[in-house]
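**Q** Have a look at this one before I ask anything.
Derivation of every value follows stated rules applied to the coordinates shown; laboratory data play no part. None of these values were measured; they are calculated from a predicted model. Neighbour counts run over all protein chains shown; Cβ positions are idealised from the backbone, glycine included.
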Amino acid sequence: QQLSNDFQFIDVGRQDPAKKNAQRRVQEFAEIYEPFRPQEAASQAHRCLHCGNPYCEWKCPVHNYIPNWLQLVSEGNILEAAELSHRTNSLPEVCGRVCPQDRLCEGDCTLNDGFGAVTIGSVEKYITDTAFAMGWRPDMSGVEPTGKRVAIIGAGPSGIGCADILVRNGVSPVVYDRYPEIGGLLTFGIPEFKLEKHVMKRRRSVLEEMGVEFRLNTEIGRDIQFDDLLEEYDAVFMGMGTYKYMEGGFPGEQLPGVHKALDFLIANVNHTLGFEADPADYVSMEGQRVVVLGGGDTAMDCNRTSIRQHAKNVTCAYRRDEANMPGSRREVANAREEGVEFLFNRQPIAIVGDDRVEGVKLVRTRMGEPDEHGRRRAEVVPGSEEVIACDAVVIAFGFQASPADWFDPSSISVDERGRVTAPEHGEFFFQTSNKKVFAGGDMVRGSDLVVTAVYEGRQAAQGILDYLNV
Ligand code: FAD
Ligand code: SF4
C-alpha cells in the first residue's frame with residue numbers, strides 16, 4: 001500500500017529496529033537487532049526525501065540505488081526492491097548488518113541535518129531477508145553460457161562478489177577456500193551477534209543454485225598448485241584477504257594469557273559451530289579480568305565475545321580519544337551497553353607478569369596533529385605510567401597484508417606494504433602484473449570493509465569479462 005506523505009521525515013522520526021536488552025544479549029551469540037516489521041520498514045523507507053543528488057549513493061562504496069529501493073519498500077514492492085538492490089551489491093543482507101553506516105550511506109543522508117538519517121542499512125537487510133523468505137531468487141533465465149571458466153581463490157566477500165558477476169554473465173566460477181564454509185571473515189571472524197551464520201549458509205545455497213561451484217577445505221599452494229589453476233582456467237581471481245597479525249612490539253607479548261584477536265575469535269566461532277579440530281584451541285574468558293588493546297571493529301568484537309564468555313570484567317584500552325576511534329560508533333555504543341569499560345588515551349608499553357599475564361602497563365596520551373589519514377596522533381604524556389591488573393589480554397591492532405609464500409614476485413607484483421598491485425583503472429579493472437590474474441579485497445587495499453571487498457570483487461569480474469572478451 002502506497003504511503004503518501006512528503007513530510008514523513010517530520011512526522012515520523014528515525015527508528016532503528018528494536019534492540020534486545022543488554023542483559024539478554026550477553027547471554028547468547030545471536031544478532032541483537034530484531035527484524036523490521038513490514039509496516040516499520042515501509043514507514044522508515046518513506047522518510048527518504050529523494051534529494052536530487054543523493055549523497056548516500058555516492059558515499060556507499062557499491063553505489064547502491066538507495067532512494068529507488070527505499071521507494072519500492074515504501075510501496076510494498078519487496079521483490080522489485082531485491083532485484084534492484086542485487087544490481088549493485090552481491091551481499092546486501094550482510095552489508096545491511098555490518099557496514100559502518102554512520103560513516104557511509106547514513107552519514108551522508110541529508111536528514112542528518114537535525115531529523116535523523118534514514119535507516120538505510122536496516123532497510124537493505126530487510127529487503128533481502130524478506131525476499132528470500134518469500135522464495136525470491138536472482139533471475140538467471142536470460143544467461144547464455146560462454147564456455148569460459150574462472151578459478152576464484154577465497155570465498156570471502158571479494159570472491160563472492162566476483163563469482164556473482166561472472167555467473168550472471170555466463171562464465172562458470174569455481175571458488176576454492178581452505179575453510180570448511182564460505183564467507184571468509186564473515187564466517188570465521190565477525191561474531192554471530194553482528195551476523196548470524198545461517199545468513200551465509202543461505203547465501204551459499206543461492207549462489208550454488210545460480211551455478212557457482214565451491215570447493216572448500218582446499219588450500220591453494222598446498223592442496224592444489226597455483227600454476228595448475230593458471231593452466232586449467234581461462235583466468236584466476238585472488239580474494240585471499242589479509243591475515244598477518246600486527247604485533248604490539250612491546251615486552252611480555254609472548255606470555256601465556258596474551259591472545260591474538262583473530263585466533264581468539266576464530267576459536268570461538270569454531271567452538272560454537274562445531275568446527276573445532278582440537279578442544280584445546282578454544283580460549284575461554286570465563287571468570288577472567290580481560291584487557292582488549294585496540295579501538296577498531298575487531299577490538300569491539302573481542303570485547304563483546306569476552307563479555308558473552310562470562311569474563312569477570314572487560315576493559316578496552318585505546319591510544320586515541322573516542323572521537324578518533326576507527327571503529328563504528330554503533331558498535332562502541334553496543335559494547336558499552338553490554339558492560340565493556342573504555343580507557344581512552346592509553347597506550348600499552350608492556351604486558352607484565354612472571355609466568356603468565358598479570359597486568360598491562362599503559363601510558364597516558366594526548367591528541368596531537370592529524371596524521372596522513374586525517375586522524376589525530378596520540379602523543380605520550382611523560383611520567384604517566386600505570387599498570388592495570390588482568391588475567392588475559394587480547395591484542396587487536398589490525399592486520400598487515402601478507403602475500404602467500406607461493407607468490408612468484410616476477411609474475412605478481414606487490415607494493416612495499418605487501419599488498420598485491422591490481423589497479424582499479426589499469427588496462428582491465430583489478431588486473432595484476434600477470435595478465436591472467438586479477439585480485440581484490442583486503443589483499444589489494446589492506447584490511448578494510450566487507451562492502452569495499454564486494455565492490456572490488458565485482459569490478460574485477462567486469463575486468464575479467466572484458467579480458468575474456470565475453
Ligand atoms: P576475507 O574475508 O579474509 O576472505 C578471504 C578468504 O580467502 C578466506 O576465506 C580464506 O580462507 C581464503 N584463503 C586465503 N588464502 C587461501 C588459499 N591459499 N587457498 C584457499 N583459500 C584461501 N568489515 C565490515 O564492513 N564491518 C564489520 O563489522 C567488520 N568487522 C570485522 C571484524 C573482524 C574481527 C575482522 C577481522 C574484520 C572485520 N571487518 C568488518 C572487515 C571485513 O571482514 C574484511 O574487510 C572482509 O572480509 C575482506 O574480504 P576479503 O574477501 O578480501 O577477504
Ligand atoms: Fe549503506 Fe553499506 Fe548498504 Fe551501501 S552497502 S547502502 S554503505 S549499508
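**Q** Can you bin the chain into rounded, prolate or oblate? Criterion: square roots of the alpha carbon gyration tensor eigenvalues sorted a ≥ b ≥ c, rounded for a/c under 1.5, prolate for a/b above b/c, oblate for the rest.
**A** In terms of gyration-tensor shape, oblate.
**Q** Exactly which chymotrypsin sites (Phe, Trp or Tyr not before Pro) in segment 378-424 are in a DSSP loop and have at most 14 other Cβ atoms within 10 Å?
**A** Taking segment 378-424 and a limit of 14 other Cβ atoms within 10 Å, the loop chymotrypsin sites (Phe, Trp or Tyr not before Pro) found are Trp406.
**Q** Quick one: order Thr298, Thr146, Thr365 by neighbouring beta-carbon count within 10 Å, fewest to most.
**A** The order, fewest Cβ neighbours first, is Thr146, Thr365, Thr298.
**Q** Another question about this same structure. Give the residue list of GluC sites (Glu not before Pro) in segment 1-66 that are DSSP loop and have at most 16 other beta-carbon atoms within 10 angstrom.
**A** Listed in order of number, the matching sites are Glu28.
**Q** Is any residue of segment 220-251 close enough, with backbone N under 15 Å, to a label point placed 7 angstrom from the Cα of Lys435 along the Cα-Cβ axis, and if so, which?
**A** Backbone N within reach: 234-236.
**Q** Leaving out same-chain residues fewer than 8 places away, which lysines sit with a Cα under 28 Å from that of Lys435?
**A** Straight-line reach from Lys435, under 28 Å: Lys148, Lys244.
**Q** Now, a different point. Tell me which residues come under 5 Å, amide H to amide H, from Phe342 once H is placed; ignore anything under 5 positions away on its chain.
**A** Cys316
**Q** Could you calculate the contour length gain from Asn112 to Ala333, that is, 0.36 nm times the residue separation minus the distance between their Cα atoms, to one decimal place in nm?
**A** 77.7 nm
**Q** Compare the peptides 113-120, 258-265, 299-306, 373-380 by average per-residue count of other Cβ atoms within 10 angstrom and give them in order, highest first.
**A** Ranking, from highest mean packing down: 299-306, 258-265, 113-120, 373-380.
**Q** Taking loop as defined by DSSP and a crowding limit of 16 other beta carbons within 10 Å, which chymotrypsin sites (Phe, Trp or Tyr not before Pro) in segment 1-70 fit?
**A** Listed in order of number, the matching sites are Phe7.
**Q** Taking every alpha carbon pair in segment 246-398, what does the distance histogram look like in 10 angstrom bins from 0, in percent?
**A** 12, 41, 36, 10, 2
**Q** So, one more: By counting other Cβ atoms within 10 Å of each Cβ, how are Arg97, Arg178 ranked from fewest to most?
**A** Starting with the residue having the fewest Cβ neighbours, the order is Arg178, Arg97.
**Q** Sticking with this one: Would segment 135-266 count as rounded, prolate or oblate if I go by the C-alpha gyration tensor, calling it rounded below 1.5 in a/c and otherwise prolate when a/b exceeds b/c, oblate otherwise?
**A** It comes out oblate by the Cα gyration axes.
**Q** Please compute one quarter of the surface area of the Cα convex hull for segment 8-133 and express it in square nanometres.
**A** Over every viewing direction, the Cα hull of segment 8-133 projects on average to 7.9 nm².
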